[in-house]
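Presented below is the structure to which this report refers.
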Amino acid sequence: MDTKDPKILSFLCNWCSYAGADLAGTSRLQYPPNVRVIRVPCSGRVNPQFIVKALRDGADGVWISGCHPGDCHYNSGNYFARRRFYIMKELIEFVGIEPERLTFSWVSASEGKKFQEMAIYVTERVKKVKDKKSPLYKEI
Amino acid sequence: MEKVKEELKRLLQEGEIKGVLGFVPSSSPQKNRVFYTENPDDVSRFTVSLFNTPNLTTYLFRFKDKGKIALFLRPCEQRALNVLISEGKIKREDVFVIGVPCQGAVDPFRLEEQVDAEINSVEVKDDKILVNNAISVYIKEVMPYSCRVCEDVEEDVDIKIDGEDKRPSHEEYSKIEDFDKKTPSEKWAFFKETFERCTRCYACREVCPMCYCEQCFVDSYDPLWVEPGLSLQDIMSYHLIKMYHMAGRCTNCGACERACPENIPLSLLTSMLAHRLKRDFGYISGKNGTQKVFLGEYHYEDKGDFIK
């Protein structure tokens, strides 16, 4: 992997998207290695401040994935998360950070194929703007 | 106004209210001073004008468990009180609301910048302010953007000051919609130019009635959400996270912008939040005291088309 390749921080919910990633793995579906996974209990665990912190500290993109609406292991975590992500997405776009850097998705445990497609999609999207670093990134 | 003052005096004497919180003229005519009194004789000093800068609900936390406090509130500030009530921070029965006919509020720092001289006197004439009997400035130009896009409140006041409610014209967020059409790099260039002046003095946080957390995220060392220093990245991280915390709570009163010594257009961000919540969720923060907090509830049919 080239060091110039984008780094994408992804937050996957334990019960759906992370299991989806597992299924993609056991089904031997290839997906780009740019995606670095952090497993979270629920998409509702993802504080939208994580997005700002990740972009500030050097991630080129952030991908957050959880259970489909109605499928949440904790009944309503993803419904709350949906509103939070909406606010953060609008803020990020409004101040002029490229919208391509931020992707949200619902991937269920049975959607190994969708996980692969999403990983490819997210990477391609971030690559479009990769020639310059995120405006929020501060070099040390 | 005189009738209201008489009534307040009577209430203070009879002990129905503990004190009155309002504004009195200060040594700088462009910004009135916040003043609290429990003495009925001081009531006559209170004034209501364009130059009442902060949002008085911020000060309510200092009077917790002290008794019933009367305070002067514009419609947007009444909405802020409603948010605090619905968050369980303040009880409605502890507050005596005096409704103020709103004409908007002037940003004193912006007025100083426009006049570029020491301000000795101000006089309001229709849509202009006459400064030092010489320079006239359009009120609209020295007002935060939020004053042009304010929303109505379901009024719940204990007493109302008579007077015409001449709030500036409603512009229906046209500035926000125009801003949305810019490209990301143009937007970032705008924020770079304006927010680079931020010295992170946190005046916008201190003056905000919604910023009542005992420990703010910027003061946290672990996790270190925002690093110390004045790089644009850290400034923007601070404002982004602060605005995220404002979602559905900020009533767009513009107090933060009026408190900003660097004239940063903070109300552009707060107006954008108000615009998005109204457009996509039909949500107006603080419309009444019973409405749930935006991020504390959800509907199955909420907007979700941005999620793949």
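Please enumerate the residues belonging to segment B:220-240 that are crowded, with 20+ Cβ neighbours inside 10 Å, at the interface with chain A (Cβ under 7 Å from one of its Cβ atoms) and hydroxyl-bearing (Ser, Thr, Tyr).
B:237
Give me the residue from segment A:58-67 that is assigned to a loop (DSSP other than H, G, I, E, B) and buried (at least 16 other Cβ atoms within 10 Å of the Cβ) and, out of that set, nearest to the other protein chains (Cβ to nearest Cβ). Show your work before the answer.
To start, the set of residues in segment A:58-67 that are assigned to a loop (DSSP other than H, G, I, E, B) comprises A:58-60, A:67.
In the following step, the residues that additionally are buried (at least 16 other Cβ atoms within 10 Å of the Cβ) were identified as A:59-60, A:67.
Values: A:59: 13, A:60: 14, A:67: 11 Å.
Applying the filter and picking the extreme gives A:67.
Does segment B:131-142 contain any residue that is modelled with pLDDT under 90, among the β-branched types (Val, Ile, Thr) and within 30 Å of residue B:6 (Cα to Cα)?
No - not one qualifying residue is present in segment B:131-142.
How many of the residues in segment B:271-289 are more than 9 Å from every other protein chain (Cβ to nearest Cβ) and not in a loop (DSSP other than H, G, I, E, B)? Show your work before the answer.
From segment B:271-289, those more than 9 Å from every other protein chain (Cβ to nearest Cβ) are B:271, B:274-275, B:278-279, B:282-289; that's our starting set.
Checking which are not in a loop (DSSP other than H, G, I, E, B) leaves us with B:271, B:274-275, B:278-279.
Of the residues in segment B:271-289, 5 are more than 9 Å from every other protein chain (Cβ to nearest Cβ) and not in a loop (DSSP other than H, G, I, E, B).
Working carefully through the options B:142, B:115, find the one that is in contact with a strand residue (DSSP E or B) (Cβ under 8 Å, 6 or more places away or on another chain) and under 27 Å from residue A:94 (Cβ atoms).
On the way: B:115 fails: under 27 Å from residue A:94 (Cβ atoms).
When all the criteria are applied, what remains is B:142.
Against the condition farther than 22 Å from residue A:36 by Cα and at pLDDT 90 or above, how does residue A:91 come out, does it pass? Can you show your working first?
Working: farther than 22 Å from residue A:36 by Cα: yes; at pLDDT 90 or above: yes.
Spelling it out, residue A:91 is indeed farther than 22 Å from residue A:36 by Cα and at pLDDT 90 or above.
If I ask for residues that are more than 11 Å from chain B (Cβ to nearest Cβ) and closer than 16 Å to residue B:296 by Cα, which ones from segment A:37-57 would you list?
Across segment A:37-57, the qualifying residues are A:45, A:46.
Determine whether segment B:180-197 contains at least one residue that is away from chain A (no Cβ under 14 Å), at pLDDT 90 or above and out of contact with any helix residue (DSSP H, G or I) (no Cβ under 6 Å at 6 or more places or on another chain).
First, the residues of segment B:180-197 that are away from chain A (no Cβ under 14 Å): B:197.
Subsequent filtering for residues that are at pLDDT 90 or above retains B:197.
Checking which are out of contact with any helix residue (DSSP H, G or I) (no Cβ under 6 Å at 6 or more places or on another chain) leaves us with B:197.
Yes, that holds for at least one residue.
Among what's in segment A:115-140 and is touching a strand residue (DSSP E or B) at 6+ places or on another chain (Cβ under 9 Å) and polar (S, T, N, Q), pick the residue that is nearest to the other protein chains (Cβ to nearest Cβ).
Selected residue: A:134.
Among (1) in a loop (DSSP other than H, G, I, E, B); (2) crowded, with 17+ Cβ neighbours inside 10 Å; (3) of a type outside the set (A, V, I, L, M), where does residue B:22 come up short?
Tallying (1) in a loop (DSSP other than H, G, I, E, B); (2) crowded, with 17+ Cβ neighbours inside 10 Å; (3) of a type outside the set (A, V, I, L, M), residue B:22 fails exactly one: (1).
Need the failing condition index for residue A:75 against (1) on the phi < 0 side of the Ramachandran plot; (2) more than 9 Å from chain B (Cβ to nearest Cβ); (3) among the polar types (S, T, N, Q), just the number.
Against the list (1) on the phi < 0 side of the Ramachandran plot; (2) more than 9 Å from chain B (Cβ to nearest Cβ); (3) among the polar types (S, T, N, Q), residue A:75 comes up short only on (1).
Condition test on residue A:95, is it within 13 Å of chain B (Cβ to nearest Cβ), without any contact (Cβ under 8 Å) to a residue 24 or more places away in the chain and either closer than 14 Å to residue B:241 by Cα or more than 13 Å from the chain's Cα centre (by Cα) (or both)? First the steps, then the outcome.
Details: within 13 Å of chain B (Cβ to nearest Cβ): yes; without any contact (Cβ under 8 Å) to a residue 24 or more places away in the chain: yes; either closer than 14 Å to residue B:241 by Cα or more than 13 Å from the chain's Cα centre (by Cα) (or both): yes.
It is true that residue A:95 is within 13 Å of chain B (Cβ to nearest Cβ), without any contact (Cβ under 8 Å) to a residue 24 or more places away in the chain and either closer than 14 Å to residue B:241 by Cα or more than 13 Å from the chain's Cα centre (by Cα) (or both).
Return a yes/no flag: does segment A:40-56 have any residue that is outside any helix (DSSP H, G or I), farther than 22 Å from residue B:233 by Cβ and either touching a Ser or Thr at 6+ places or on another chain (Cβ under 7 Å) or small (Gly, Ala, Ser) (or both).
In the first step, residues of segment A:40-56 are kept if they are outside any helix (DSSP H, G or I); the result is A:40-42, A:46-48.
Adding the requirement that they be farther than 22 Å from residue B:233 by Cβ leaves A:40-42.
With either touching a Ser or Thr at 6+ places or on another chain (Cβ under 7 Å) or small (Gly, Ala, Ser) (or both) added as a condition, the list becomes none.
No - not one qualifying residue is present in segment A:40-56.
For segment B:160-174, check the following and say yes or no: at least one residue is within 14 Å of chain A (Cβ to nearest Cβ) and either more than 30 Å from residue B:2 (Cα to Cα) or free of Cβ contacts under 8 Å to residues at least 60 places away in the same chain (or both).
Yes, segment B:160-174 contains at least one residue that is within 14 Å of chain A (Cβ to nearest Cβ) and either more than 30 Å from residue B:2 (Cα to Cα) or free of Cβ contacts under 8 Å to residues at least 60 places away in the same chain (or both).
When the residues of segment A:115-140 are filtered to those that are of a type in the set (Phe, Trp, Tyr) and modelled with pLDDT of 90 or more, which remaining residue is surrounded by the most Cβ atoms within 10 Å (Cβ to Cβ)? Please lay out each step first, then the result.
Within segment A:115-140, the first condition is being of a type in the set (Phe, Trp, Tyr), and the residues that meet it are A:115, A:121, A:137.
Right, trim to modelled with pLDDT of 90 or more and you get A:115, A:121.
Details: A:115: 29, A:121: 16.
The qualifying residue surrounded by the most Cβ atoms within 10 Å (Cβ to Cβ) is A:115.
The values are calculated or read from the model by the stated rules, or taken from the named source; none is laboratory data. As the structure is a prediction and not an experimental result, all values here were calculated from the model. Glycine gets a Cβ as well: all are built from the backbone with ideal geometry, and neighbour counts include every protein chain shown.
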